[in-house]
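Reviewing the structure listed below.
The values are calculated or read from the model by the stated rules, or taken from the named source; none is laboratory data. Since this is a predicted model, take the numbers as computed values, not measurements. Glycine gets a Cβ as well: all are built from the backbone with ideal geometry, and neighbour counts include every protein chain shown. All accessible areas refer to the heavy atoms of the entire protein, side chains included, with ligands and DNA or RNA removed. Shrake-Rupley method; radii C 1.70, N 1.55, O 1.52, S 1.80 Å.
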Amino acid sequence: MKQRLDTPLMPSPSEASVAFLPYGRQRIEEDDIAAVVAALRSDWLTTGPRVGEFEAAVCAFTGAQYGVAVSSGTAALHAAMHALGIGPGDEVIVPAMTFAATANCVVYQGGTPVFADVAPDTLLIDPTDAARKITPRTRAIIAVDYAGQPCDYDALRDLAQIHGLALVADACHSLGGSYKGRGVGTLADLTVFSFHPVKHITTGEGGMVATDSPEMAARMRRFRNHGIDTDHRQRETAGTWAYQMVELGYNYRITDLQAALGTSQLAKLPSWLEKRRKLAAAYDVALAKIAAACPLAVRLGNEHAYHLYVVRLADSGVRGRIFAGLRQQGIGVNVHYLPVHLHPYYRDAFRTAPGLCPKAEAAYDCILTLPLHQGMDEADMARVVGALKQELAV
Ligand SMILES: *Cc1c(COP(=O)(O)O)cnc(C)c1O
């Protein structure tokens with residue numbers, strides 16, 4: 001499903017002749033390059049001082065107490081499941097409308113993902129359906145801030161508290177968002193970010209878990225380094241060779257090169273968020289006049305981070321044609337996502353089937369992601385809307 005942005009779906013000859021506008025794209029500037037070069041010239045290429053600096057910068061930005069940087073958003077989700085002690089026999093509730101990694105991390109630990117449906121107007125996890133899916137084996141809920149809009153955290157926190165569940169935020173879309181004045185990163189027990197090139201800021205590959213729990217942070221630091229109780233630099237400082245592997249972990253370390261890029265990118269995030277919000281507002285205004293394509297709803301009290309700009313087409317029967325037509329015009333529309341329980345792997349391994357989450361399934365047939373990223377301007381936005389109108393013949 002995830003398409004690398006620098007290699008969009010094979011461009012047809014007509015596509016190649018006009019500038020291709022991808023749905024999302026990284027922005028790398030000269031100071032980002034200088035930061036990576038400085039790391040390359042330093043003593044530490046990995047597990048050096050730049051990793052801690054990046055973690056501290058993300059904490060300062062989000063308001064979280066601790067940040068544990070790892071090699072990808074998926075590794076961050078896995079570390080979160082490990083920190084919570086998810087294992088065989090445990091169930092974790094995840095929304096059907098998300099990227100597969102949200103559910104896969106539960107399976108990595110031997111647990112069972114249980115799919116909850118989403119609200120049709122926001123595509124955010126429906127707390128009422130999540131409540132229906134709770135059993136005596138449920139251990140946690142992973143909320144996904146789809147497209148960049150925070151979920152209903154008041155309802156989710158209440159639900160988690162009543163049933164003694166952990167609450168995890170998959171905030172891979174929502175870095176910089178807020179819910180009722182509280183920043184993303186402080187809304188759940190553990191919050192996961194991704195720094196893949198399509199996300200708000202990038203480290204090439206990379207991820208982080210934010211938490212206020214020192215115990216869980218320590219557990220995830222061990223987990224990213226094979227389950228070993230100290231890292232190389234700590235041993236060097238202490239003048240000792242001795243270390244112990246106290247539990248099974250992985251090599252999920254992020255490099256100092258990546259961390260340097262992340263810190264440099266993070267400094268620009270406030271202005272990039274502003275740009276994304278302005279473009280989204282302009283899309284909202286332009287699309288208000290088009291009944292055939294309706295933006296997703298934004299709940300009062302939410303500050304949207306706009307990783308994605310998603311519209312719902314009134315007629316699900318035309319989505320394939322509209323998608324192909326826009327691609328022909330060089331507009332890199334996409335579809336996020338096929339509901340996870342409909343992937344062949346989940347159908348085989350967990351016996352999931354259509355009908356399990358009808359609202360997510362119905363939404364999948366009519367959603368379309370329009371281009372939105374910090375490298376776009378209003379003229380690009382107007383080009384997308386013009387092409388969409390033409391394809392819809394409105
Ligand atoms: C991007 C993404 C991930 C995975 O992040 P990677 O850094 O690509 O491993 C997980 N969940 C969601 C919702 C995402 O969008």
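Rounded, prolate or oblate: pick one for the chain, where a ≥ b ≥ c are the square roots of the eigenvalues of its C-alpha gyration tensor, a/c under 1.5 means rounded, and failing that, prolate if a/b is larger than b/c, else oblate. It is oblate, given that a/c is not under 1.5 and a/b is not larger than b/c. Relative to the dominant Cα principal axis of the chain, helix 256-266 is inclined by about 50°. Putting +1 on Lys and Arg Cβ atoms and -1 on Asp and Glu Cβ atoms, find which of Leu273, Ala100, His232 reaches farthest to the positive end of the dipole of the chain. Going by the charge dipole, the pick is Ala100.
Working note: 222 nm ellipticity from helices only, DSSP H runs with n ≥ 4, each -39,500 (n - 2.57), summed and divided by the residues of the chain, gives -11500 deg cm²/dmol to the nearest 500. Relative to the longest principal axis of the Cα atoms of the chain, the long axis of helix 73-83 makes an angle of roughly 50 degrees. With all protein chains kept in place, the per residue accessible area of segment 105-212 amounts to 29 square angstrom at a probe of 1.4 angstrom.
In segment 373-394, whose amide N lies under 12 Å from the spot 7 Å out along Cα-to-Cβ of Arg321? List them in ranges. In segment 373-394, the label zone of Arg321 (backbone N under 12 Å from the point 7 Å along Cα→Cβ) covers 391-394.
What does the extension gain come out to for Val394 and Leu45, with contour length at 0.36 nm per residue minus their alpha carbon separation?
Numbers: separation 349, 0.36 × 349 = 125.64 nm, distance 5.46 nm.
Gain on stretching Val394 to Leu45: 120.2 nm.
How high is the relative contact order of segment 170-236, in percent, counting Cα pairs under 8 Å that sit 6 or more residues apart?
Details: 81 pairs, mean separation 15.0, N = 67.
About 22 percent, as a whole number.
Spatial offset of segment 312-336 relative to segment 182-241 amounts to 38 Å, using the alpha carbon center of each.
Measuring nothing but alpha carbons in segment 58-192 and taking Rh as the Kirkwood radius, the Rg to Rh ratio lands at 0.93. FRET efficiency for the pair Asp31 and Ala56, taken as 1/(1 + (r/R0)^6) with r the Cβ-Cβ distance and R0 = 22 Å, rounds to 0.70. Normalising by the residue count of the chain, find the relative contact order in percent from Cα pairs under 8 Å and 6+ residues apart. Value for the chain: 23 percent.
Here the accessible area is traced with a 1.4 Å probe on the protein chains. For the chain, carbon and sulfur cover 56 percent of it.
Based only on Cα atoms, what Rg/Rh ratio does segment 324-363 have, Rh being taken as Kirkwood's radius?
On the way: Rg = 13.9 Å, Rh = 11.8 Å.
Reported Rg/Rh (Cα atoms, Kirkwood Rh): 1.17.
The slack between Asn251 and Ala38, meaning 0.36 nm per residue of separation minus the straight C-alpha distance, is 74.2 nm. Scanning the chain for GluC sites (Glu not before Pro) that sit in a DSSP loop and have at most 16 other Cβ atoms within 10 Å, the longest stretch containing none of them is 30-246.
Quote the Stokes-Einstein diffusion coefficient, in whole µm² s⁻¹, for segment 201-318, based on the Kirkwood radius over alpha carbon pairs, a temperature of 4 °C and a viscosity of 1.567 mPa s.
Numbers: Rh = 18.6 Å.
Approximately 70 µm²/s, per Stokes-Einstein.
Anisotropy class assigned to segment 355-394 is oblate, per the alpha carbon gyration tensor with a/c at or over the 1.5 cut-off and a/b no larger than b/c. Reducing segment 17-65 and segment 134-181 to their Cα centroids gives an inter-centroid distance of 27 Å. Were the residues from Trp241 through Arg182 laid out at 0.36 nm apart, the gain over their Cα-Cα distance would be 16.9 nm. Cα extents for segment 300-394 along the principal axes, largest to smallest and rounded to whole angstrom: 47, 34, 24.
For Gln161 and Lys289, what is the calculated FRET efficiency with R₀ set at 56 Å and r taken between the beta-carbons, to the nearest 0.05?
Once the sixth-power term is evaluated, E becomes 0.80.
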